[in-house]
Amino acid sequence: LWHVGSVRKEGIEPDTSVPGHSPSGLFKPGRENGVAMNQQDIDEVVEAFAQAAADAKAIGFDAVEVHGAHGYLIDQFFWQGTNQRDDSYGGDLVSRTKFAVEIVKAIRARVGADFPIIFRFSQWKQQDYDARLANSPEELKTFLTPLVEAGVDIFHCSTRRYWEKEFEDAPENGHMNLAGWTKELTGKPVITVGSVGLNTSFVGEEHGMNMSAQAGVEAGSITQLNDRINSGEFDLVAVGRALLQDPEWVIKVREERLDELED
C-alpha cells in the first residue's frame with residue numbers, strides 16, 4: 001500500500017488536477033513541490049490506507065505491506081529534511097512517526113489481530129542516497145519502537161546493498177545490516193533487500209543513473225546471503241528486478257545453478 005506524496009507532479013493521470021501532498025510541501029530539502037497536508041488531508045489518507053488494507057483482506061490477500069520508504073509520503077514525514085511541521089506530526093524522531101503510527105493502528109483496527117502488517121522503511125531516499133533517519137542503534141530503536149507498539153508484525157528493511165554494514169561504529173554486532181539491527185532491536189521478523197545476487201547496486205550514485213547494464217552477477221553474494229540467513233541475522237529476502245530479468249532466478253538459486261544467473 002503506497003502513497004507517493006510530493007514525488008507526484010501535477011498533471012499526472014488519472015486526475016491531472018491533483019497536486020502532490022506532503023508534510024511541508026517539499027520534495028526534498030530546499031525544493032518545493034505540491035502542498036502541505038492539513039489535518040483533514042491526513043485523516044483522509046489514514047482512512048484510505050485502512051480501507052485499502054480491509055479490501056486486500058476481503059479479496060483474499062494473506063498480508064499487507066505499507067510502503068514507508070524511499071522518500072515517498074510516509075517517509076517524507078519521517079525525514080526531517082521534508083518534515084518541517086510545527087504541529088504534533090513534526091519535531092523529533094518519535095513525533096515524526098505519528099503519521100505512520102496512525103496508519104498502522106487504523107489498519108490493525110480494520111483487519112484484526114491475526115492479519116500480518118508488514119512495514120517497509122529505509123534510511124536512504126531517492127532524493128538523497130546519503131540521508132539517514134538513525135545514526136546509531138539507539139536512534140534506530142527510538143524510531144522503531146512506536147511502530148512496533150502500533151502493530152507492525154514484520155519489518156521490510158530496504159537497503160541499496162544488503163551486504164553493507166549499517167552502523168560502522170557499533171561496538172557490537174558491527175557486521176549487521178539494517179535488517180539485522182532491526183531484528184536485534186525489536187525481536188520482529190525482518191526482510192532484507194538490496195542488489196541481491198549482484199556485485200553492485202541497480203542504481204548508480206550520480207543522477208539516479210540506471211546501472212543495471214553495468215551490474216554483474218556475483219555468486220558469492222548469494223552464498224553470503226545464505227550464510228547470513230542461517231546465522232539468524234534476517235528471516236526473509238526480497239528480490240525484485242532480478243526476477244524480471246531472469247524469471248527462473250529462484251529455481252536456479254534453489255538448485256545451486258548460480259553460474260546460470262543472468263545479469
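Please determine whether any residue of the range 178-186 is outside any helix (DSSP H, G or I), farther than 18 Å from Asp75 by Cα and in contact (Cβ under 8 Å) with a residue 12 or more places away in the chain. No.
Can you find, within the range 120-134, the residue that is surrounded by the fewest Cβ atoms within 10 Å (Cβ to Cβ) among those that are over 25 Å from Gln224 (Cα atoms) and in contact (Cβ under 8 Å) with a residue 12 or more places away in the chain? For the range 120-134, the residue satisfying everything is Asp128. Per the conditions (1) in contact with a helix residue (DSSP H, G or I) (Cβ under 6 Å, 6 or more places away or on another chain); (2) surrounded by fewer than 21 Cβ atoms within 10 Å (Cβ to Cβ); (3) farther than 23 Å from Val237 by Cβ; (4) in contact (Cβ under 8 Å) with a residue 60 or more places away in the chain, the sole criterion not satisfied by Val64 is (3). Remark: pairs (first residue in the range 20-37, under 15 Å from Lys125 (Cα atoms) and without any contact (Cβ under 8 Å) to a residue 60 or more places away in the chain; second residue assigned to a strand (DSSP E or B) and not small (Gly, Ala, Ser); Cβ separation under 7 Å; 6+ apart in sequence or on different chains) = Leu26/Glu32.
Scan the range 2-43 residue by residue and report those that are under 22 Å from Ala131 (Cα atoms) and β-branched (Val, Ile, Thr). Correct list: Val4, Val7.
Scanning the range 1-37 for residues that are within 22 Å of Asp86 (Cβ to Cβ), surrounded by 15 or more Cβ atoms within 10 Å (Cβ to Cβ) and charged (D, E, K, R) gives a single hit, Lys28. Of all the residues in the range 5-56, those that are within 21 Å of the chain's Cα centre (by Cα), hydrophobic (A, V, I, L, M, F, W, C) and over 19 Å from Val104 (Cβ atoms) number 3. For the range 133-142, check the following and say yes or no: at least one residue is touching a strand residue (DSSP E or B) at 6+ places or on another chain (Cβ under 8 Å) and not polar (S, T, N, Q). Yes, that holds for at least one residue. In the range 88-106, the qualifying residues are those that are assigned to a loop (DSSP other than H, G, I, E, B) and touching a residue at least 12 places away in the same chain (Cβ under 8 Å), and the one that is surrounded by the fewest Cβ atoms within 10 Å (Cβ to Cβ) is Val94.
So which of Pro137, Pro146, Pro116 ends up being farther than 22 Å from Val45 by Cβ and free of Cβ contacts under 8 Å to residues at least 60 places away in the same chain? Walk me through how you get there before you give the answer.
Working: Pro146 fails: farther than 22 Å from Val45 by Cβ; Pro116 fails: farther than 22 Å from Val45 by Cβ.
Testing whether each residue is farther than 22 Å from Val45 by Cβ and free of Cβ contacts under 8 Å to residues at least 60 places away in the same chain leaves just Pro137.
I need the full set of residues from the range 107-140 which are assigned to a helix (DSSP H, G or I) and either farther than 30 Å from Phe61 by Cβ or of a type in the set (Gly, Ala, Ser) (or both), in order please. Please lay out each step first, then the result.
Initial filter on the range 107-140 (assigned to a helix (DSSP H, G or I)): 107-111, 137-140.
Those that are assigned to a helix (DSSP H, G or I) and either farther than 30 Å from Phe61 by Cβ or of a type in the set (Gly, Ala, Ser) (or both): Ala109, Pro137, Glu138, Glu139.
Of everything in the range 148-195 that is within 19 Å of Ser136 (Cβ to Cβ) and among the aromatic types (Phe, Trp, Tyr), the residue that is surrounded by the fewest Cβ atoms within 10 Å (Cβ to Cβ) is Phe167.
If you check Gln40, Gln80, Gln51, which single one turns out to be free of Cβ contacts under 8 Å to residues at least 24 places away in the same chain and either buried (at least 18 other Cβ atoms within 10 Å of the Cβ) or part of a helix (DSSP H, G or I) (or both)?
Values: Gln80 fails: either buried (at least 18 other Cβ atoms within 10 Å of the Cβ) or part of a helix (DSSP H, G or I) (or both); Gln51 fails: free of Cβ contacts under 8 Å to residues at least 24 places away in the same chain.
That would be Gln40, the only listed residue that is free of Cβ contacts under 8 Å to residues at least 24 places away in the same chain and either buried (at least 18 other Cβ atoms within 10 Å of the Cβ) or part of a helix (DSSP H, G or I) (or both).
Within the range 14-37, the set of residues being among the β-branched types (Val, Ile, Thr) and part of a strand (DSSP E or B) comprises Val35 only.
All of the numbers you see were taken from the coordinates with simple rules; none came from a lab. Bear in mind that the values here come from a model prediction, so they are computed numbers and not experimental data. Every residue, glycine as well, gets a Cβ built from its backbone with ideal geometry; the counts of neighbours run over all protein chains shown.
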